[in-house]
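Taking it in order: structure first as C-alpha cells, then the write-up.
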Amino acid sequence: MGFILTLVLSVVLLPVTLIASWVVVPPQQEVVALRWGKLSQIKKVPGLFWVNVWGRKLIRISTKQQAIEVHRTIVADGNGNPIVVAAVVTFRFVDSQKAALDVEDAAAFVRTQAMAVLKQVASRYPYESANHTTSLKSETEGIAREMRELLQSKVSVAGAAIASFELSDLSYAPEIARAMLVRQQAQALVDARRVIVDGAVQIVHHAIELLGQNGHTLLPAEEARLVSNLLVVICGESHVQPTVSMQSGDQREAGADERLAKLLEKIATNTTPRTS
C-alpha cells in the first residue's frame, strides 16, 4: 500500500518530487530514512542523495565527539556524609540506527544515565579515607574508569560509545564543610605527630647505641633520664632550654625535707582564721 501511494504521488506531483527529494548528508553525520514508518535506508557517506520525499522521514544523527556536563548534585558518600559532585562525559554515537529508533532522545538518554551512574558510584566510596582504602579523592582515575564502564553498559542500547567520564567537582556539602575542615586539620596534626614520634624514637635508639659502641655505659636510671630528655627536646613544639642537674637525687641537702615540712606548717598556721 505504501509503495503504491508513493508511486501515485510521485507521478501526480512529479515536479515537487524531483525538487524536494534531494538530501544532503554532511561530514560526521548519518541520516536514517524511514518510509511510511518503516526503516528504509541509512546514509553514512557524505554527499548529495535522492530519496523520494513522499512518506519519507529523516532522522539525522551526529557522529561527532560530544561532551555533556552532569551538573552539581548532592550525594551521600560511602560514610553517609553529604558531598557535592559533578562530572563531564565525552561520547559519540557509533550506531545511528539504535540512536534513532531504540531510544526517544539519544542525547537526553545519555545525560540521564550519566547522572544515575554518578550518584550510584559516588555513594559506594567515602570522600576520603584515613586507612588508604579506595576513596573518591585519592582514586580519581579508578573511579572514572568504573563510571565509564558502568555508563557504557547502560547506553549501548542507544548506540553510544563513552570515551571518558571524569569528575569535574568534588567537595563536601556546605552544611558540613566547616566541620570536615576541622577534622582534616586534626587528622593532619595527628599524622604529623606520628611521624615526629617515630623519628624521635629512632634518633634516641641510635644515640644510645652510639654511646654504647664508644664505651659509655649508662645506668638504667641515667638511660631513662636521657631518653626522656631527648624525647622532650625532639617532640616539643617550642624551643627547649635543657637544665642539667649537678647532683643526683641521693645527694640532696640534709634536712631539706624537715625544713620543707616546717615551712608548710608555718604557712598553714598563718592562714588559719583566728577565733575571738
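Only the coordinates and a few stated rules stand behind these numbers; no lab work does. These figures come from a predicted structure and were not determined experimentally. Please note: Cβ atoms are built from the backbone with ideal geometry, for glycine as well, and neighbour counts cover all protein chains shown.
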Query raised in the report: Which FRET efficiency, nearest 0.05, do Ala192 and Met115 yield, Cβ-Cβ r, R0 45 Å?
Result: 0.70
Query raised in the report: Between rounded, prolate and oblate, where does the range 22-157 land on the alpha carbon gyration tensor, with a ≥ b ≥ c its root eigenvalues, rounded for a/c under 1.5, else prolate if a/b exceeds b/c?
Result: prolate
Query raised in the report: Using the 10 angstrom Cβ neighbour count as an exposure proxy, how do Leu230, Leu48 rank, fewest first?
Result: Leu48, Leu230
Report summary line: So, with points 7 Å from each Cα along the Cβ direction, the Lys57-Leu101 label distance in nm works out to 1.2 nm
